[in-house]
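The values are calculated or read from the model by the stated rules, or taken from the named source; none is laboratory data. This structure is a prediction, so every number in the text was calculated from the model and none was measured. For neighbour counting, all protein chains shown are included, and Cβ atoms are generated from backbone atoms with ideal geometry for every residue, glycine included.
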Amino acid sequence: MSHKRTREPLFVIPVRGGSKGILGKNLQNVGGISLVGRAVRTALEARDILGCGRVIVDSDSEELLAEGRRWGAETPFVRPAELAEDASKTLDVLCHLLRRLGIDKAPVSVVLLQATSPLTTVEHVVSAVETHWRSASPVVSVRRGRHPLAWSMRVASNKMTPFFENDGASRRQELPVHYDVTGAVYVAASEELLAGKSFVQAGRTEALEAIDHEPVDIDELDDLVLAEALVQRQPSREITVGAHRIGSESRCFVIVSLSGPFPNGEAASRALRVLTECGADAVQCRAGDAELLKLALGMAPETTRHVELILGLEAGDREFTRNAAGAAGLHLGSADTLNDSWLRDLGALRLPVFFAPETDDLAAIEAALRRLRRFGCRDIVLLATVSDEGTTQTPGSKAGVLPRLHNAFKVPVGLCDRSRSPAATLAGLGLGATVLMVALSLEELSLEELAGGTAQALRQSELQERIRLLREGESHCHRTAG
């Protein structure tokens with residue numbers, strides 16, 4: 001009988017404070033995020049996809065529990081010291097948790113995630129839970145063995161002896177395949193665990209092969225180095241915005257921001273002509289200005305290169321639903337991710353989102369991204385904002401946040417460049433920026449009465465030069481695909 005809809009998943013991340021191999025192992029970073037944080041966010045995203053469940057970090061360490069909370073997990077208690085010894089069994093830890101929470105009286109699907117497997121994918125976890133629901137059997141993550149067991153050797157007195165009797169086969173292709181438990185994901189019914197049964201039950205446990213990621217178990221420092229290298233190699237997902245592809249192999253998508261409101265259609269047409277002459281890919285405006293710009297786009301000559309329309313949104317602004325027709329994307333900041341009903345309307349549009357968080361805290365950014373995804377915003381570009389104001393750092397050095405965002409979230413990243421110098425733009429290009437957003441001075445469009453708040457906006461000649469330098473740099477980086 002299937003378990004689906006009869007029990008919720010309980011995601012448990014057990015971590016001890018007393019690591020022997022690597023000091024403070026579970027707080028070590030991979031891709032800028034601690035091992036605990038990576039496990040929590042994987043569990044939370046799996047929970048959101050499955051539509052139910054709880055995520056709990058179980059630890060004897062207050063520091064590890066605090067890190068779990070920072071990334072959004074529950075930490076209902078501190079694990080007793082007697083269950084945090086080197087010889088403590090994971091089954092005992094889980095049974096203690098279930099009884100402490102009163103879950104021994106309400107069956108659940110226990111999903112054990114090891115923080116020391118930082119490359120485990122959300123898809124793999126979801127597949128493990130769904131396999132358990134379908135089969136009602138325990139499920140364990142495995143990987144195909146790299147070398148046949150028949151090649152294993154005993155060594156005594158420096159002499160080699162085959163571990164197994166040779167059946168005559170010698171080529172790897174002729175030998176039976178074996179599988180190793182990865183240690184990444186285990187799923188079982190809570191009542192089976194409370195009855196003392198293991199996740200691995202001969203002839204009954206379902207094996208789920210890890211084929212969508214490279215399982216790495218963090219035990220030594222070299223394992224951390226390997227995991228970090230593999231994370232950095234992972235590409236960001238590509239997304240489509242109108243007629244353009246945004247990704248690491250494509251040329252930078254240039255958005256020019258205009259603050260409006262435009263007094264008439266001629267002003268909007270004039271703005272569009274300037275952007276086309278400068279080589280912009282998109283224009284970003286407030287939702288209330290969209291109609292005039294859409295009209296200008298519709299009247300533009302066919303020989304004019306198409307410019308996409310991006311709506312700049314403010315939390316609670318309902319005009320975007322009326323003006324979203326014809327828009328290629330949405331631009332919003334951190335404060336805009338707190339209004340559930342507004343996000344539900346926004347997600348229903350199924351448009352790409354250019355998201356400019358107002359914090360450098362990766363856990364806070366992850367929480368905002370999770371909310372966006374929960375309400376249907378799946379195609380997201382992260383924008384780091386740089387400017388000349390309020391910092392002793394140069395804009396170029398501030399662009400260094402881009403690799404950190406890329407490694408942490410694996411979404412396209414870009415710059416909202418409000419600096420006067422092209423240093424940040426060029427640094428961002430070298431650091432993997434896939435999007436550049438800059439502001440154009442409305443004074444340049446002979447709209448002096450609308451020029452308030454554009455001190456960091458560029459003149460037409462400056463915008464043209466900024467885009468020229470960007471495209472020239474791309475030709476050296478071989479990023480020329482549209």
- Query: Could you list, in sequence order, the residues of region 193-212 that are buried (at least 18 other Cβ atoms within 10 Å of the Cβ) and of a type outside the set (Ser, Thr, Tyr)?
  - Reply: LEU193, PHE199, LEU208, ALA210
- Of the candidates ALA363, ALA356, ALA290, ALA367, the one satisfying the condition of being assigned by TED's automatic domain parsing to the domain that holds ALA408 and modelled with pLDDT under 90 is ALA290
- Message: Which residue is farthest from the chain's Cα centre (by Cα), if the candidates are limited to region 409-432 and must be closer than 22 Å to ASP379 by Cβ and surrounded by fewer than 24 Cβ atoms within 10 Å (Cβ to Cβ)?
- Response: CYS416
- Name the residues in region 22-52 that are of a type in the set (A, V, I, L, M, F, W, C) and either over 16 Å from ALA128 (Cα atoms) or not assigned by TED's automatic domain parsing to the domain that holds ALA229 (or both), would you? ILE22, LEU23, LEU27, VAL30, ILE33, LEU35, VAL36, VAL40
- Among the residues of region 3-48, count how many are basic (Lys, Arg) and in contact with a Pro (Cβ under 9 Å, 6 or more places away or on another chain). 3
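Would you mind stating whether VAL40 is at pLDDT 95 or above and under 18 Å from the mean Cα position of the chain (by Cα)?
For VAL40, the condition - at pLDDT 95 or above and under 18 Å from the mean Cα position of the chain (by Cα) - is met.
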- Item | Extreme residue, surrounded by the most Cβ atoms within 10 Å (Cβ to Cβ), among residues of region 142-156 that are in a loop (DSSP other than H, G, I, E, B) and in contact with a Pro (Cβ under 9 Å, 6 or more places away or on another chain) | PRO148
- Message: Given (1) crowded, with 21+ Cβ neighbours inside 10 Å; (2) in contact (Cβ under 8 Å) with a residue 60 or more places away in the chain; (3) in contact with a Gly (Cβ under 6 Å, 6 or more places away or on another chain), identify the lone condition not met by VAL12.
- Response: (3)
- Is one or more of the residues making up region 389-406 under 22 Å from ILE49 (Cα atoms), buried (at least 17 other Cβ atoms within 10 Å of the Cβ) and within 15 Å of the chain's Cα centre (by Cα)? no
- Note on the structure: Scanning region 76-100 residue by residue, the ones that are surrounded by fewer than 18 Cβ atoms within 10 Å (Cβ to Cβ) and either in a helix (DSSP H, G or I) or within 33 Å of the chain's Cα centre (by Cα) (or both) total 12
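Residue-by-condition table, conditions (1) within 26 Å of ARG468 (Cβ to Cβ); (2) assigned by TED's automatic domain parsing to the domain that holds VAL307; (3) surrounded by 20 or more Cβ atoms within 10 Å (Cβ to Cβ):
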residue	(1), (2), (3)
ASP223	no, no, no
GLU249	yes, yes, no
CYS252	yes, yes, yes
VAL256	yes, yes, yes
GLY265	no, yes, no
- Over region 67-83, the set of residues farther than 22 Å from PHE409 by Cβ and of a type outside the set (D, E, K, R) is THR75, PRO76, PHE77, VAL78, PRO80, ALA81, LEU83
- Members of region 34-52 found to be closer than 19 Å to ARG371 by Cα and surrounded by 20 or more Cβ atoms within 10 Å (Cβ to Cβ), listed by number: GLY37, ARG38, ALA39, VAL40, ARG41, THR42, ALA43, LEU44, GLU45, ALA46, ARG47
- Message: I'd like the residue in region 53-73 that is surrounded by fewer than 16 Cβ atoms within 10 Å (Cβ to Cβ) and charged (D, E, K, R) and, out of all such residues, is farthest from ALA367 (Cα to Cα).
- Response: GLU62
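State whether the residues of region 348-363 include one that is in contact (Cβ under 8 Å) with a residue 60 or more places away in the chain and assigned to a helix (DSSP H, G or I).
Scanning region 348-363 turns up at least one residue that is in contact (Cβ under 8 Å) with a residue 60 or more places away in the chain and assigned to a helix (DSSP H, G or I).
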